[in-house]
Amino acid sequence: MCMDSSRLRYNSPTFKSPPLDGTLSVPEFYDFLAVHAPNHPVFNYVNADGRLETVFWPQLTRAIHRAGRLTIRSVGSPSTAPNTPVVAILAAADTFTYFTLLAGILRAGYQAFPISVRNSALGVRHLLKATGARHVFVSKDPPTQRLIHSVTDEVSDGCADQSLDLSLFPMPSYEALFANTEAFEQLPPMKKLDHDSPALVLHSSGTSSFPKPIPLTHRILLQWALSPYYGEIDFSIQTLACHSLPMFHAMGAIQICWTASTGLTISAFSPHDTPGPPSPDRVLEGAAETGSTLIFCVPTFVEHWSLHAKNIEVLKKFVSVIFAGGPLSKDVSDLLITQEVPLVPFYGLTEAGAVTMVFPRGPEKEGSDYFRISPHCDPVFLPQDDRSDVFELVLLECPAHTPSVFNYTAEGRRGYATNDLIMRHPTNPSLWRVLGRVDDQIMHSTGEKTNPGPIESILLKDPLISQVVMFGRGRFYAGILVSPVPEQAFEPSHVERLESFRDEIWKSVETANAFAPSHSRIFKEMILVADPAKPFELTPKGTPRRQAVLAAYANEIEVLYASVEQSTQKDLDPPLIWTLESATEFVRLALKKTLSVPVGDEDDIFQQGCDSLQATWIRSALLHGLRRSLKTKPPNLPYDFVYAHPSIRLLGKRLLDIATESGEVLDSGSSTSAVMKEMVAKYVQDFPVHSGRDSAVHSNGEVALLTGGTGGFGSYILKSLLENPSFCRVYCLNRPDPKGTRTCYERQRDALVKWGIDPQLADSAKLVHLEGDLSIRDLALDPALLQDVRENVTCIVHNAWKVDFNVTLPSMEHLIQGTRVLIDLALSSSRPSPPTILFTSSISVFTNWDMSCIAPEAALADPEIAKGSGYSESKWVAETLLYSATKETRLRSTIVRIGQLCGGPDGFWNPNDWFPSLVRSGKYLKCLPQISGSVSWIPTHIAADALIEMRHSTSQFATLAHPHPIPWSMVIHHTSRLLNLPVVPYSKWLSLLEDAEEFGSARVGNPSSEVDIPALRLLQFFRDAQNHVLESDASGEAFGLPTFSTADAVAAAPAAFERGGLSPLDEDDVARWVKFWGLL
């Protein structure tokens, strides 16, 4: 065993810690304490007459020996058995009797196996058979007797094989074990144990199948016993209220370790009371009566207590109020924290014990749902493709911590992949909170993921909802399956009652939608109500067995999706007569029912917050209206219909054309080039004349204005600016938080953490945080502050742009408008020369470039070259606008076309990008693709440094790509070798990817077994790329882009490209990326 002697020591005058170096096992601690801590309390409870009763270690040790002798008489001596017998407990018993029998079985030399009485008979039988347990102590209460008889009846009735031969023994009473007599037969000393021999067996809750036995060795028990030594509380002077802790649960069973190793006293209900379900009021009353200083409970108890001021006064007196098992309502948490209730979250697993610190001195100042991982654990964080701040937690075996289950290996070390998602705090990277389960995540057909746990937790607060399960795997949007509380149950075929029930719970759904990401929102039509004749299958914890429930309701879910597809917005009546006004009003109503904010007829709905999910529903509603209205079958609306007509006016006019048969549904890109030219013409009019004054007072040094500083590249640009000694000040202009919950400072700091950069940079004395709006002429800044910007800024780094390849050019117009605002700002400068504008464009402007020619660092006159997506088209328009302004005015601008950025200094590369998605999918496709061409990818931090150098460029255009490309084959070879995956032709790889989508497990019978293949989210991108991919030798950039000239970029940034030592990408770079993605 490994214990740092500098760890927390316990100071109770009555407690002497047993040796913690492994010379004694946990069951041997009890004998030690009977001698060396005779006056130290271990149990507290209140008798029926209100007197506090205390049990001291000598009394408990004698009772443990009596329990051990009882086990030997019932089972036989463990020394005569070929293997140490497993002795099970299936009992509804008081805490102290259960504790004592559990400890007695261990002290006698057996394996102890506490089994939850909440399991089904089949579940109990499965556990007994899996562990070989044939000896069971059973309580005499009727429910438990019925349960054990069902277990044995299943054998005799032929429902299972006949190999289960059980010996049943009555659960001893507290009075029998704690007889008030000194006479007892002491157990012989324990034989020297192998620390890796089994000691205690616990079991999982059986959320998705039968509960699974989890054996714990004597080594693990000792490590569990030592975990409080890594905390900040002196356990020897504390009393932990265990009134709501079942002893068959890991948190209950762990008390046989903590009491003995730390001197912790535990309190519970009187052993003379009839055991029953603990209510929140009884638990709090019992904890207060016993003088408990710590209390452990589930979040629902805390939420109940928060309803009454008198309870809050009681809670304030505890050293810690520890909650576990789920999230605590933010409203309740905020209330109790303001009342100085010491809320502390606990996170642990049966497979790994305590993961959080046991226990901190109080709540973390960042929030009561955040915790620190205990120093005795060795965690590994596996990135998730959809979030850079969310990870699956893996716990590696180390001297102080041994998981009881191993399912992961890293660099030759065993570990346990918890399947739990944890989220890093945005500003304090040492703090975490539990987000949900990896296998509970719902992967939609778009590749987006929904974590159902937090959404379901919000919905469960509705008094009409008993249980809820979210669904939507492989679908574009999600739905919820709701089981009403019993008094509200109804037959779901009752349409009117279904509609009224949806209305009654809608406020709770809206609350959940406000919390959820846009792709996870629930529409009213997607609320499915459970049939009373098909109750949810529940776990012993009382939560739905998710996959069993989804399988039971698979047909109903399928029917719901089909009906919604056919009848979306069925209560939305189309016009009787199609006119421009009636068509426009029809669109208005469709948007009103779908969007959460009002929009004007001329507003771009995507600028008003419309997302892809809502665009799909709007399209479905409009198409359904056309189908209902027209006698002839209308043409099908393309999926980008709403994107191509992004305002009420445009949608209404297009619908009218279709409804009156005055036009076909045209390809939205047919006149794109003309629209691009028109937009340039609109914004090149009337540039202001620069009239700077030499007499103006300016800053000593350069001053930058940065837009778009919260993205990945933007954060590195900010870092480069702040660390560059030439700059004395940096204005960072960010738009207001869409949710209005964070300041621009907080958003910037969160972004730095997210992208792996020291968040202390947000506090730099050089940095001025600005909150403004680029689409407004004065940036929505205070006039004095705006004047300060005009007088001092020498360089504008324009990096803010929307990266969305779905929207069309009209929805990007506000970005063009913002570019013109910055041009006007530069030309209004009071400095002798206007500030230079550094614009981060994109190599996507070469979408249709002739592959036989090198892509130049020069203006592109033909908009056809950039046509393909609203993103590339808007970049071309902005480039052309800046090019014209530079020719016609005194403005200096440098347009930098950014190539593919790759991993930062620690390998950081967003796992959701296309190449990380491709590589990470190799785990499931069992191969990687070979294609022709080269890659000129450049590390993000070097690209940021180079960009800032280019402010002095004498060329107006530059391509920021690696000047020394390497073949794709080299990158993929390094990746293949590191991951031990074969390389196959691109066509074969794409075929496997398409098969995974078409014939994946979600479509052949088992929705729960669908694996997460990140490349599916970008399937269309990989399909489109096939037109450019040649599987023989070819020049040019991989995936259909041309070879780029970088001569002007290299000349403009010698420090980054030459003196910075930028070398070609190699195996070390690839290894850093792959390691960051959690694949090594």
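Only the coordinates and a few stated rules stand behind these numbers; no lab work does. Owing to the predicted nature of the structure, the values given are computational and were not obtained by experimental measurement. A quick note on method: Cβ atoms are made from the backbone with ideal geometry, for glycine too, and the neighbour counts reach across all protein chains shown.
Assorted remarks:
- Net lengthening on full extension, R742/A674 (0.36 nm per residue, minus Cα-Cα): 20.4 nm
- With each label modelled as a point 7 angstrom along the Cα→C-beta vector, the S833-L122 pair spans 8.0 nm.
- Cut-off 18 Å, label 7 Å out along Cα→Cβ of R977, residues of region 1039-1069 by amide N: 1064-1069
- The calculated FRET efficiency for the pair A858 and C398, based on their C-beta separation and a Förster distance of 56 Å, comes to about 0.45.
- For region 289-346, GluC sites (Glu not before Pro) are listed when DSSP marks them as loop and at most 13 other Cβ atoms sit within 10 Å of their Cβ; the list is E340.
- Computed E for V298/I337 - FRET, C-beta separation, R0 22 angstrom, nearest 0.05: 0.75
- Backbone N under 17 Å from the S563 label point (7 Å along Cα→Cβ), restricted to region 532-549: 532-534
- Over the chain, dividing the summed -39,500 (n - 2.57) contributions of all DSSP H runs of at least 4 residues by the number of residues returns a 222 nm mean residue ellipticity of -10500 deg cm²/dmol.
- Stokes-Einstein D (µm²/s) once Rh is taken as the Kirkwood radius of region 840-988 over alpha-carbon pairs, at 20 °C in 1.002 mPa s: 124
- Relative contact order (%) - the chain, alpha-carbon pairs under 8 angstrom, separation at least six: 7
- Ratio of Rg to Rh over region 889-937 (Cα coordinates, Kirkwood Rh, two decimals): 1.19
- Inter-label distance, L164 to R51: 4.5 nm, where each label sits 7 Å from its Cα along the C-beta direction.
- Cα-based shape type of region 824-912, given that a ≥ b ≥ c are square roots of the gyration tensor eigenvalues and the cut on a/c is 1.5: oblate
- Here, P(r) means the percent of Cα pairs in each 10 Å bin from 0 to the largest distance; for region 26-297 it is 7, 30, 37, 21, 5, 0.
- Principal-axis tilt of helix 648-659 within the chain, Cα atoms, nearest 10 degrees: 80
- Shape class for region 442-567: rounded, because the ratio a/c of the largest to smallest gyration tensor axis (alpha-carbon atoms, square roots of eigenvalues) is under 1.5.
- Normalised size of region 397-488, defined as Cα radius of gyration per 2.2 N^0.38 Å with N residues, equals 1.45.
- Sites D1068 and D378 - FRET efficiency at Förster radius 22 Å, r taken between beta-carbons, to 0.05: 0.30
- Hull-based mean projected area of region 683-898, where the convex hull spans the alpha carbons, in square nanometres: 12.9
- Length released on extending from W914 to L576, taking residue separation times 0.36 nm less the Cα-Cα span: 116.9 nm
- Rounded to 10°, Cα long-axis angle of helix 968-979 versus longest principal axis of the chain: 0
- The angle separating the long axis of helix 940-949 from the principal Cα axis of greatest extent in the chain is about 30 degrees.
- Average projected area [Cα convex hull, region 776-833], square nanometres: 4.4
- Full-extension gain in nm, T274 to E504, via 0.36 nm per residue minus C-alpha separation: 78.8 nm
- Distant alpha-carbon pairs in region 740-810 (separation over 15 angstrom), percent: 69
- Within the shell of other residues whose beta carbon sits under 13 angstrom from the beta carbon of H494, the net charge comes to -2, with Lys and Arg scored +1 and Asp and Glu -1.
- For peptides 507-513, 214-220, 847-853, sequence by mean Cβ density within 10 Å, most packed first: 214-220, 507-513, 847-853
- For region 501-564, average projected area of the Cα convex hull in nm²: 5.5
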